[in-house]
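Visitor: Below: one structure in structure tokens.
The values are calculated or read from the model by the stated rules, or taken from the named source; none is laboratory data. Note that the coordinates shown come from a computational prediction; the quantities given were computed from them, not determined experimentally. Please note: Cβ atoms are built from the backbone with ideal geometry, for glycine as well, and neighbour counts cover all protein chains shown.
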């Protein structure tokens with residue numbers, strides 16, 4: 001079967017069924033809004049625990065850098081344990097919310113994409129549990145990546161001391177370690193997100209979906225990499241455009257109220273996030289098209305090209321039987337005998353039947 005065009009077909013699938021994109025947008029922005037709300041409430045409660053004395057107020061009103069720094073140091077002194085307690089409560093809550101919303105949203109979007117690509121597909125139970133497991137592994141991977149970054153910074157700090165500072169050497173040591181952690185994290189995270197296709201399409205469990213994703217990448221890794229490259233390039237272009245456009249409200253910040261500037265920057269950020277989500281869903285649809293093409297190529301039996309018949313050779317009638325000509329395959333399993341040969345054809349060149357052999 002002909003090779004598909006996953007980039008074009010991915011965009012076409014989202015364009016013809018935009019509800020898939022809106023479903024993706026709904027669960028992502030729901031989690032983002034909940035994260036902003038919970039973080040704001042936690043910050044508000046934390047600020048309420050700070051004690052500001054009249055001396056601190058007097059130092060803040062002086063607006064001198066040294067006076068302000070002294071006042072802030074006095075205000076935040078001893079508030080470290082409260083920050084740690086807030087982070088311990090807030091981060092797991094956001095992670096749990098992301099696991100549940102992400103699994104449910106990915107199940108809805110992938111089910112719609114698979115149903116569109118395969119009309120006779122029937123949803124099977126167990127997919128949602130597998131997606132929860134995959135998202136749990138992604139959260140654990142993010143935590144491991146964060147600890148790896150901290151470990152890279154700790155290793156880089158060993159080469160510099162206050163007595164013998166080597167900032168450049170520490171930087172040269174930290175950057176390769178950080179890049180190695182980023183590459184490993186992004187590769188494993190990609191496999192976990194890609195495995196969601198097999199969890200929904202084939203009702204695989206968590207680890208079965210990972211194995212299926214690895215097996216597919218082994219067979220069609222080149223095509224999958226090209227799809228990821230083109231969508232990654234488009235995402236990079238969108239990021240560059242977004243970071244360029246968001247500077248314009250700051251350029252006119254002195255001419256408009258601060259609220260207008262913040263509102264414009266917020267709109268630009270929302271547009272960028274919407275474009276990024278749209279590209280992500282289109283890339284997911286492109287991956288699914290590759291998976292369907294791979295399955296079809298594996299299940300389709302090898303057939304001879306149309307219009308080409310197997311080679312045959314024509315035989316004269318059997319000797320003395322007067323049978324009509326028939327076609328026999330070139331490679332036949334029937335044993336041949338001398339009776340099948342043409343008796344009018346001499347067995348030796350230059351001699352005819354009945355003529356004595358030389359020497360007789």
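Visitor: Out of all the residues in the stretch 45-54, which are surrounded by fewer than 13 Cβ atoms within 10 Å (Cβ to Cβ) and in a loop (DSSP other than H, G, I, E, B)?
Guide: Listed by number, the residues that qualify are 49, 51, 52, 53.
Conditions tested, residue by residue: (1) part of a loop (DSSP other than H, G, I, E, B); (2) surrounded by 10 or more Cβ atoms within 10 Å (Cβ to Cβ); (3) modelled with pLDDT under 50.
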{"residue": "277", "(1), (2), (3)": "no, yes, no"}
{"residue": "285", "(1), (2), (3)": "no, yes, no"}
{"residue": "291", "(1), (2), (3)": "no, yes, no"}
{"residue": "294", "(1), (2), (3)": "no, yes, no"}
{"residue": "298", "(1), (2), (3)": "no, no, no"}
{"residue": "308", "(1), (2), (3)": "yes, no, yes"}
{"residue": "320", "(1), (2), (3)": "yes, no, yes"}
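Visitor: How many of the residues making up the stretch 192-207 are part of a helix (DSSP H, G or I) and crowded, with 16+ Cβ neighbours inside 10 Å?
Guide: Residues flagged as part of a helix (DSSP H, G or I) and crowded, with 16+ Cβ neighbours inside 10 Å within the stretch 192-207 amount to 11.
Visitor: Could you look through the stretch 228-273, keep only residues that are in contact with a helix residue (DSSP H, G or I) (Cβ under 7 Å, 6 or more places away or on another chain) and assigned to a loop (DSSP other than H, G, I, E, B), and pick out the one that is surrounded by the fewest Cβ atoms within 10 Å (Cβ to Cβ)?
Guide: The qualifying residue surrounded by the fewest Cβ atoms within 10 Å (Cβ to Cβ) is 253.
Visitor: Next up: Do we have residue 174 as surrounded by 12 or more Cβ atoms within 10 Å (Cβ to Cβ) and either at pLDDT 90 or above or out of contact with any strand residue (DSSP E or B) (no Cβ under 6 Å at 6 or more places or on another chain) (or both) here?
Guide: Yes: the conditions hold for residue 174.
Visitor: Residue by residue through the stretch 113-134, note down the ones that are under 15 Å from residue 288 (Cβ atoms) and out of contact with any helix residue (DSSP H, G or I) (no Cβ under 9 Å at 6 or more places or on another chain).
Guide: 115, 119
Visitor: Residue 247 versus (1) at pLDDT below 90; (2) under 25 Å from residue 36 (Cβ atoms); (3) within 29 Å of the chain's Cα centre (by Cα): which is the lone unmet condition?
Guide: Status for residue 247: all satisfied but (3).
Visitor: Is there any pair with a first residue in the stretch 88-99 that is closer than 15 Å to residue 43 by Cα and a second that is surrounded by 14 or more Cβ atoms within 10 Å (Cβ to Cβ) and modelled with pLDDT under 90 whose Cβ atoms are under 7 Å apart and which are 6 or more apart or on different chains, and what are they?
Guide: 90/42
Visitor: Take the residues in the stretch 114-140 that are at pLDDT 90 or above and closer than 20 Å to residue 277 by Cβ; name whichever of them is surrounded by the most Cβ atoms within 10 Å (Cβ to Cβ).
Guide: Filtering first and then ranking leaves 134.
Visitor: Related question: So how many residues does the stretch 211-237 have that are under 15 Å from the mean Cα position of the chain (by Cα) and touching a residue at least 40 places away in the same chain (Cβ under 8 Å)?
Guide: Of the residues in the stretch 211-237, 10 are under 15 Å from the mean Cα position of the chain (by Cα) and touching a residue at least 40 places away in the same chain (Cβ under 8 Å).
Visitor: Quick one: residue 164 ticks every box in (1) free of Cβ contacts under 8 Å to residues at least 60 places away in the same chain; (2) surrounded by 14 or more Cβ atoms within 10 Å (Cβ to Cβ); (3) outside any helix (DSSP H, G or I) except a single one, so which number is it?
Guide: (2)
Visitor: Working only within the stretch 152-161, note down all residues that are part of a helix (DSSP H, G or I) and free of Cβ contacts under 8 Å to residues at least 24 places away in the same chain.
Guide: Across the stretch 152-161, the qualifying residues are 153, 154, 155, 156, 157.
Visitor: Filter the stretch 101-131 down to residues that are free of Cβ contacts under 8 Å to residues at least 40 places away in the same chain, under 19 Å from the mean Cα position of the chain (by Cα) and either assigned to a loop (DSSP other than H, G, I, E, B) or closer than 30 Å to residue 182 by Cβ (or both), then give me how many there are.
Guide: 1
Visitor: Which is surrounded by 15 or more Cβ atoms within 10 Å (Cβ to Cβ), modelled with pLDDT under 90, within 45 Å of the chain's Cα centre (by Cα) and in a helix (DSSP H, G or I), of 35, 23, 42, 71?
Guide: Criteria check complete, one pass: 42.
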